[in-house]
Every structure is written in C-alpha cells, then in structure tokens.
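Student: I'd like to ask you about the structure that follows.
The values are calculated or read from the model by the stated rules, or taken from the named source; none is laboratory data. Predicted model, so just to flag it, every value in this text is computed and none were measured. All Cβ positions, even for glycine, are placed from backbone atoms using ideal geometry, and neighbour counts span all protein chains on display. What goes into the accessible areas is simple: the full protein's heavy atoms, side chains included, and nothing from ligands, DNA or RNA. Shrake-Rupley method; radii C 1.70, N 1.55, O 1.52, S 1.80 Å.
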Amino acid sequence: MNKTTFFLTRFLSFIFLTITISSFGQTTKIIESYEDYSEAPREIAYAHLNKSTYIEGEIMGFTAYVFDKFTKEPSKMTSNLYCTISDENGEVLKKKLVKVKDGIAVNAFDVDSTLSTGIFTFKAYTNWMKNFDEQNHFEQTFKVIDADNLGDVKPISSRDIEVDLQALGEGGHLLYNVSNTVGIIAKNQFGYGIVNAYGSIKDEDKNVVSEFQLNDVGLAKTLFTPIPGKKYSAHINLNEREISSPINNIESFGIIMSLTSTSDVIRLQIKTNKESLQRNKNRDYKIALHNGSDMVMSDFQLNENGTAILSFPKNELYKGVNIFTIFSNNDQPLLERLYFNNSSILQGGISKVKLKSETDSLDVSLSLDLTEALKSSNLSISVLPSETKSYNHHNNILSQLFIQPYIKGRIENGSGYFKTNNRKTDYNLDLLMLTQGWSSYSWKTILSNQERAFIYPFERGIDIVANVRKEKSGTYIVYPLADNTTQLFDVPKKEVAFTVKQSYPTEDDIFRIGYVNTKKKKFKEKPSLYLQYYPSEFPVFKNNLKVIDETFLDSDKYLNPNQQSEAWENSQDATELDEVVLKIDKRKTRLEALEKKATNSRIDLIQDNIKLRNLRLDLYLQRLGWVTQFDYFAGTLSITNPRVNWGDPVPLVYLDNALLSAQGVSSDFSILTFLNMGDIDYIEYEFYGSGGGIRGNAGFIKIFSDPNGRAIKKSNMVVAYDVPLRFAKEKTFYTPKYQYYNTDFFKEYGTIDWQSNLNFNSSGTASFKFYDTKNDEISLFIEGMINEDQFISQEIKIEREN
C-alpha cells in the first residue's frame with residue numbers, strides 16, 4: 001500500500017460538519033510529486049556539548065547522534081560525521097571527521113588559542129545531508145572567554161538591542177472584513193524573545209483594536225478584524241520606549257484558516273469574507289496532512305456561508321510535527337499551519353539519584369524509570385555547579401529531532417517544550433507552530449518535478465580503490481589499522497584494481513600495503529599501485545540554520561583571571577604525570593586483560609626488544625614450540641604441531657581473525673613470511689585442540705598485527721601511503737583543575753565532569769565518579785536515549801547533605 005494513502009480510509013472520518021466531499025485525488029500531481037520528493041531517506045544530526053561558554057584552555061566534549069529523520073531511530077546508513085568550529089565570519093577554524101557507530105559518535109575539541117575571545121559556531125553534518133535544502137544538520141553557537149584578554153569582551157546593553165516585531169496571519173495570510181488569528185513575534189537581533197512585554201494592534205488613528213502579552217520567548221497571538229481602507233500596526237512597550245511595526249499585505253480576497261485544539265480533536269476552520277464569497281462558490285480546494293514522509297489528502301468546498309470545518313482525531317495524527325496545507329483547485333499552495341502532537345513521543349528519565357562521598361571524590365548512582373526491559377542505552381552527562389552561567393543550550397535531543405528540521409525559524413529554549421506536559425506548555429508550543437508560518441519544506445521544490453540527483457552519497461568509512469599498474473597479478477596484503485583488520489586481496493591476471501572498503505584510518509595510523517608475486521614465488525617486490533580515496537577531502541557544508549546567538553554578559557567582562565590562571569598549568573602537569581604512570585603499568589595491565597579473555601590458550605605479548613630485532617615471524621613461532629619450514633627459493637612456508645601423532649598436524653592459523661589454513665599439509669603460509677616481529681602485537685596459541693573446533697585437532701595460532709605499525713624499512717618492500725582524509729581519534733576529556741573551587745568564577749564558569757557515553761546495566765542503573773569540589777549544589781545536564789526509541793533530556797539538581 002502506498003504510504004501517502006495508508007490513512008486515506010480513516011481520513012474520510014476526519015471531515016465533518018459543513019464539508020462537501022467531491023472526490024479524492026489519490027493520483028494527483030501533488031501526491032505524485034510529494035512521493036518523489038520524500039522517497040529518499042533523510043538523516044538528522046544532534047550534538048550534546050558539555051557547555052555553551054568556555055574559558056580558553058578547557059576542552060569541549062561532545063556526544064553526537066545521527067538519526068533517521070522519519071523513524072527517529074539511530075541511522076544505520078552513515079559512519080562519517082563531519083564536525084566543524086567556525087568564527088563569526090563563517091571561516092572554519094577547527095574540524096574533525098568522527099566515526100559514527102550505531103548512530104553515536106563521541107569526541108572533543110581543544111579550546112585553545114585558535115579560539116580567542118569571541119562567538120563561534122559548532123556544526124555537525126553528514127555528506128548525505130548536502131543533497132537537501134532542509135535543516136537536518138546540527139548547529140549551535142558558543143562563546144569563548146580568554147581571561148588574559150578581557151578587553152575584547154563587549155557586553156550587550158539595553159541600548160544595543162534591536163527588536164524585530166512581526167504580525168503574521170495564521171496560515172500565512174490576513175483578510176479584510178473577517179476575524180483573523182494573528183501570531184505576534186518580537187525578537188532581538190540575536191534571536192532572543194522580548195519577554196512578557198505587553199502590546200497591541202492599532203489603526204492609523206492610534207485606536208487600539210486588539211491587545212496581547214508576549215510569553216517567555218517573545219510570542220503571542222490575538223484576534224483582529226481589519227477594515228478595508230485602514231492601515232494597521234503592531235506595538236509593544238520595551239523599557240519605556242514603544243516599538244512599532246506596520247502590518248502589511250492584508251488581502252481583500254482569499255481564504256484564511258484557524259486551528260483549535262480540544263482534548264481529543266483538532267479542528268481547522270477555513271473561511272472567507274463576503275467580498276470573496278461569490279468567487280469561492282462551488283470552488284474545489286484540497287487539504288493535505290503530511291509530515292515530510294507520509295501524506296493524506298482530500299478535496300473540499302466551502303459552504304454557502306463561506307466556511308468549512310475539518311476535524312482530525314488526535315490519535316490519528318502523526319507523531320511530532322503535523323503540517324496542514326490548503327491547495328487551490330489548480331494545485332497551488334495557499335495556506336499552511338503546523339501542529340505538534342506529542343502524545344506518542346516516548347520520553348524516559350532518571351527516577352533515582354544517589355550521592356556518596358568517597359575520600360576526595362563523589363560517586364553518583366543513577367537509576368532509570370523503566371517501563372520495559374533495557375536493551376540499549378547511551379546518555380551523556382555534563383556535571384556543573386548549579387549556579388553555572390555556562391550551559392545555555394536552546395535545542396535538546398527532543399527539540400532537535402522533532403521540531404527544528406520542520407520549521408524555518410529559530411527555537412529559543414526548545415527543551416522547555418518537553419519538560420512538562422500541561423496546558424501552558426501545550427499553549428506555548430502551539431504558539432511556536434502558529435508563528436512559524438510555512439514549514440521548512442519548499443512546495444516550489446516539491447512541485448517542480450525536476451529529476452533529483454543525489455550526488456552526495458551515504459558514507460561508511462573511506463573506500464580505497466587500489467589501481468594495479470602493469471597488470472601485476474598476485475596477492476596484496478593490506479596491513480591493519482586501529483579499526484580495521486588485515487585484509488588479503490588475490491588479484492588475478494588482467495584484473496586492474498581491488499577495493500579496500502570501509503576503512504577508518506586515524507591520524508596515527510600508517511596505511512601500508514605489501515605485495516606477494518604468487519607466480520614467481522617472490523616476496524621481494526614492492527606493490528605498484530595508484531590509490532584513489534572516496535571520500536578524499538573534508539566536505540564544505542553551506543547550509544546555515546537560524547539559531548540563537550550567544551552573547552556576552554556584563555559578568556563576562558569582570559572575570560578575575562587570578563582565580564583560574566594556574567588551573568590549566570596544574571591540569572597539564574597532572575595529565576602528564578598520569579600518562580607516565582600509565583606507561584609503566586601498561587604492558588602488565590594489558591597482558592592480564594588478554595590472559596583473562598583467553599581462558600584455554602596462551603598469550604604472548606611481543607616485547608619491544610623482540611620487535612626491534614627484526615626477527616622473522618616463522619623463527620619466532622619455533623621459539624613458541626611450533627615446527628616451521630621456510631623454502632627460501634620456492635617462497636613457501638609450512639607450520640606443523642610436533643605434538644600431533646596422528647591425523648593432520650597443521651594448526652589453524654589466523655591473521656587478525658582471518659583464517660589462512662587450507663585442509664591438510666598442503667596449507668601454504670607463505671603470506672606470513674612477509675611479516676617480522678616488528679609487525680606483531682601479540683600471539684594467542686594452543687597446542688592440544690581445545691577451542692579449535694572440528695578442524696582444530698592440531699591446535700591454533702592467532703596472530704594479531706600491531707595497529708600502530710612501526711618504522712618500515714625499505715628492505716621490507718612494504719609501501720606506506722598517505723591517506724588525505726582521516727578520522728579523529730577519540731579524544732580523552734580532562735576536567736580542568738582549579739586553584740579555588742569556592743569562587744564566583746568556578747560557580748559560574750567551572751567544569752566538574754563530563755560523561756560522554758554512560759551505559760546502564762540490564763537493571764537500569766549506572767554510576768560514575770568525579771572530583772569532589774565541595775559545592776553545596778551541583779547540576780546534571782543529561783541527554784540521550786534508551787532502547788533506540790525513548791529519549792531523555794533532563795536537568796537534575798543534587799544538594800549535598802551537610
């Protein structure tokens with residue numbers, strides 16, 4: 001069944017009272033065009049930043065998500081996420097390619113001297129998003145303060161405020177001689193609403209014809225009946241001055257709409273004025289209900305009084321934003337109204353918090369409020385003093401996923417629409433929908449019927465095409481990367497290329513390829529290849545969201561640098577010291593972990609002195625108790641287990657989990673002669689067949705290459721290639737150490753902890769520790785999801801017991 005007509009039978013029951021049904025256009029141009037436009041999947045990005053105000057020297061931690069726009073589930077299509085930081089002129093100052101796994105990516109940026117005092121923008125996007133004009137990427141401004149350069153801080157005063165005051169007809173139009181619902185928007189130049197101001201609509205004689213009061217984000221609505229021949233303007237009072245704006249484009253002929261909501265039904269009233277009544281007599285209109293993916297549509301006419309009322313049961317609406325569009329009989333869009341249905345959005349939350357003091361740290365234990373078994377979880381948590389001025393995010397995971405992609409305007413305090421579910425919240429959310437006018441979807445684009453070319457593909461790592469020069473057949477060995485195992489490619493004669501798919505080279509990886517001439521049985525030739533990389537460069541993303549801009553406050557200008565000047569030096573010293581300690585215990589700790597995992601086998605973690613001797617791998621295997629025979633002239637290598645008295649003495653041999661053994665003594669392990677001990681990380685082996693399976697009677701050898709590689713000598717005939725685009729390694733987040741924790745500076749701008757990826761156990765509990773700063777009250781700012789369909793956005797304040 002076609003997705004646009006899935007609800008068509010139900011749609012019949014929506015329409016009642018004065019509607020006249022003429023026909024259903026199941027195959028109209030609108031539906032066909034809409035199907036073509038919405039057929040391709042979309043992705044949405046969201047990033048949780050640990051703060052919105054940083055002091056130079058800190059680290060910006062972030063957890064990013066990529067969702068399927070329509071299902072609201074983590075995207076399975078993309079592994080590449082591009083993250084940038086740009087200045088106020090749009091120049092990119094920092095950028096990272098981050099690996100996405102199961103829809104989630106974690107990393108961090110250094111807030112260093114590159115980001116001096118100023119306002120900056122963080123963006124996160126995928127390559128696939130570049131195919132669309134929709135606002136599907138993530139964008140957020142943040143500010144950086146350099147305590148040694150406070151002269152650059154220019155606080156915003158009331159004298160600097162510029163107000164944009166607009167009066168918009170519901171549905172996009174205003175009509176003379178009929179009662180109109182008017183949406184009022186009053187915002188400053190940074191996107192912040194004029195809070196709770198009183199205002200009015202006046203005629204040209206200064207008579208007040210309607211009054212209103214703005215809400216906390218500068219939105220309001222009122223009723224207004226304009227008279228032909230008169231001019232009107234909207235007014236608000238702000239700091240003893242009056243701001244006014246003319247109301248233009250009031251029409252003499254046409255139709256308007258208004259939406260009302262009851263407990264279980266949405267009603268749309270379509271009406272006209274007396275002057276338009278004769279023109280609209282017996283005229284067909286179309287009503288479409290859609291959400292960017294699905295659509296239902298029906299024809300209707302106005303009654304003899306110039307009115308039509310359409311009713312929509314709430315339980316049949318789409319989840320999230322519903323878009324109602326009215327079309328003329330020749331398929332021209334006339335009116336559009338957005339409505340938000342939050343009844344079916346699943347929200348989870350933390351139900352219990354326990355705080356335990358341990359020496360100089362605090363242990364926080366969290367419990368989820370579960371309604372079903374916990375299958376998966378990912379939460380990021382920013383821990384800050386409760387008096388912080390450094391956390392001012394306007395989009396949370398819910399508003400970014402369910403609202404931002406569908407509207408053209410900015411969202412101020414988007415998280416507030418999801419904190420409580422009451423009449424006030426519903427009213428304010430509907431004000432946001434009313435004042436948006438048309439949705440972010442362009443009907444001009446949808447109805448253009450132009451062939452859409454998706455020239456920016458989904459990206460899963462980097463595909464590397466190795467073009468073989470001079471038809472050089474043989475076996476090519478691609479050495480492992482941090483996130484990729486060893487791969488072997490047998491290239492027969494006349495084959496011109498092979499492809500290394502889904503590679504994830506990081507900044508520290510060496511991408512190496514070796515060559516074995518199987519025809520001449522020679523292992524002393526370099527590979528002769530020309531490599532092409534897809535993608536090969538960091539893509540530029542030109543789309544910009546209208547987001548709330550960060551601004552400097554008066555308090556920012558009077559930071560006391562003496563309160564924190566030693567913090568970064570102390571932090572760096574502590575970090576370096578910790579790294580030295582880790583190096584001392586690193587080998588022992590890793591060997592213990594490997595031995596614990598390998599319960600029935602032995603582990604040999606290759607020591608540095610062995611790596612440096614350039615010893616051949618087959619000779620080292622002899623030391624471990626295996627019999628190896630290397631025929632230098634034939635280029636063949638055999639490996640047997642001398643402990644096997646009957647049956648096949650050849651063990652199962654794996655290279656980075658790739659099985660190399662054939663059946664019986666005919667197994668040729670010549671590919672291993674290409675390696676020496678400088679290439680090996682560790683070897684797991686077993687002599688007596690335990691854990692080897694049916695073919696493992698002679699035991700097994702599992703060889704794991706060193707992902708960090710080594711300095712390749714020319715004699716090894718291995719070529720290292722420069723990969724032009726690399727993934728960022730997951731950066732460790734270090735919490736700054738401050739000289740004092742009882743100062744106003746720390747309470748307002750300090751960082752206590754950042755948990756980028758906190759996973760809960762099957763019973764729904766998790767815990768983490770951080771340094772005890774002795775603050776009386778701390779706040780946990782939590783964003784994330786559980787079970788891939790429940791979203792959590794929560795602020796929890798924790799008071800310490802004295």
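Student: How much length is gained if the chain between residue 282 and residue 253 is pulled fully straight, taking 0.36 nm per residue apart and subtracting their Cα-Cα distance, in nm to one decimal?
Tutor: 8.8 nm
Student: Which links in 444/542; 99/354; 51/314; 493/611 stretch past 26 Å when you go from one Cα to the other?
Tutor: Checking Cα-Cα distances, 99/354; 51/314; 493/611 exceed 26 Å.
Student: Then there is this: Distance between Cα centroids, segment 90-128 to segment 370-426: provide it in whole Å.
Tutor: Here the answer is 21 Å between Cα centres.
Student: Right, here's the next one. Taking 7 Å along the Cα-to-C-beta vector as the label spot, tell me the residue 420-residue 732 distance in nanometres, rounded to one decimal.
Tutor: In this crude label model, residue 420 to residue 732 measures out at 4.4 nm.
Student: Something else now. How fast does segment 462-538 diffuse by Stokes-Einstein, in µm²/s, taking the Kirkwood radius from C-alpha pairs at 20 °C and 1.002 mPa s?
Tutor: Reported coefficient: 165 µm²/s.
Student: How much accessible area does residue 211 have with a 1.4 Å probe, in Å² rounded to the nearest 10?
Tutor: 140
Student: Another one. Please find the FRET efficiency linking residue 223 to residue 502, where r is the Cβ-Cβ separation and R0 is fixed at 60 Å, and quote it to the nearest 0.05.
Tutor: So, using R0 = 60 Å, E works out to roughly 0.55.
Student: Still on this structure, I have one more. So if the hydrodynamic radius of the chain is defined as the Kirkwood radius over C-alpha pairs, what does Stokes-Einstein give as its diffusion coefficient at 25 °C and 0.890 mPa s, in µm² per second?
Tutor: So the translational diffusion coefficient is about 79 µm²/s.
Student: Check residue 265: other-chain or 5+ apart residues with amide H under 5 Å from its amide H, H built from backbone geometry?
Tutor: 314
Student: Before I look further, what does the chain give for accessible area per residue, probe 1.4 Å, in whole square angstrom?
Tutor: 47
Student: Restricting things to Cα coordinates, could you compute the convex hull volume per residue of segment 342-425 in Å³?
Tutor: Expressed per residue, the convex hull around the Cα atoms of segment 342-425 is 166 Å³.
Student: Residue 163: net charge of surrounding residues, Cβ under 11 Å, Lys/Arg +1, Asp/Glu -1, itself excluded?
Tutor: Around residue 163, the charge tally is -1.
Student: For a test of the definition: using alpha carbon positions, the gyration tensor, and the 1.5 limit on a/c, classify segment 395-463 as rounded, prolate or oblate.
Tutor: Oblate.
Student: Ok, one more. Length gain on complete extension for the stretch residue 209 to residue 534, per 0.36 nm per residue less the alpha carbon to alpha carbon distance?
Tutor: In short, 110.7 nm is gained.
Student: May I pose another question? Lys and Arg at +1, Asp and Glu at -1: add these up for the other residues within a Cβ distance under 12 Å of residue 224 and post the number.
Tutor: Spelling it out: positives minus negatives among the neighbours equals 0.
Student: Tell me, in nm to one decimal, what length is gained between residue 600 and residue 260 on full extension, where the rule is 0.36 nm per residue of separation less the Cα-Cα distance?
Tutor: Length difference between fully extended and current span is 115.4 nm.
Student: Amide H neighbours of residue 389 under 5 Å, at least 5 residues apart or on other chains, H built in the peptide plane: list them.
Tutor: Close amide H contacts, sequence-distant or interchain: 749.
Student: Considering only protein heavy atoms, what is the solvent-accessible area of residue 391 at a probe of 1.4 Å, reported in Å² to the nearest 10?
Tutor: The accessible area of residue 391 comes to roughly 50 Å².
Student: If you average the C-alpha positions of segment 768-802 and of segment 242-288 separately, how far apart do those two centres end up, in angstrom?
Tutor: If you average the Cα positions of each part, the centres end up 47 Å apart.
Student: If I model a spin label at residue 657 and residue 645 as a point 7 Å from the Cα along the Cα→Cβ vector, what separation in nanometres do I get?
Tutor: Taking the two extended label points, one gets 3.7 nm.
Student: Shifting gears a bit: At 7 Å along Cα-to-Cβ for each site, give me the label-to-label distance between residue 721 and residue 469 in nm.
Tutor: Here the answer is 1.3 nm between the modelled labels.
Student: Out of the total accessible area of the chain (probe 1.4 Å, heavy atoms of protein only), what percent is carbon and sulfur?
Tutor: Solvent-exposed carbon and sulfur of the chain make up 46 percent of the total.
Student: Residue-wise, which Karplus ³J(HN,Hα) couplings in Hz belong to segment 82-94, taking 6.51 cos²θ - 1.76 cosθ + 1.60, θ = phi - 60°, and x for glycine or proline?
Tutor: Each residue's phi maps through the Karplus curve to give 9, 10, 9, 10, 10, 8, 5, 8, x, 6, 6, 9, 9 Hz.
Student: A further question on this structure: Using Cα-Cα distances under 8 Å and only pairs 6 or more residues apart, what relative contact order does segment 43-145 have, in percent?
Tutor: 35
Student: For the chain, give the magnitude of the charge dipole about the Cα centre (Cβ charges: +1 Lys/Arg, -1 Asp/Glu; no others), in debye to the nearest 20.
Tutor: In total the dipole reaches around 2680 debye.
Student: Okay, next question. May I ask for log10 I(q)/I(0) of segment 43-145 at q = 0.10, 0.19 Å⁻¹, from a Debye sum over the Cα atoms as equal point scatterers with solvent left out?
Tutor: -0.27, -0.89
Student: So what are the ³J(HN,Hα) numbers for segment 675-682, from phi and the Karplus equation (6.51, -1.76, 1.60; θ = phi - 60°), rounded to whole Hz, Gly and Pro as x?
Tutor: 10, 10, 5, x, 8, 9, 8, 7
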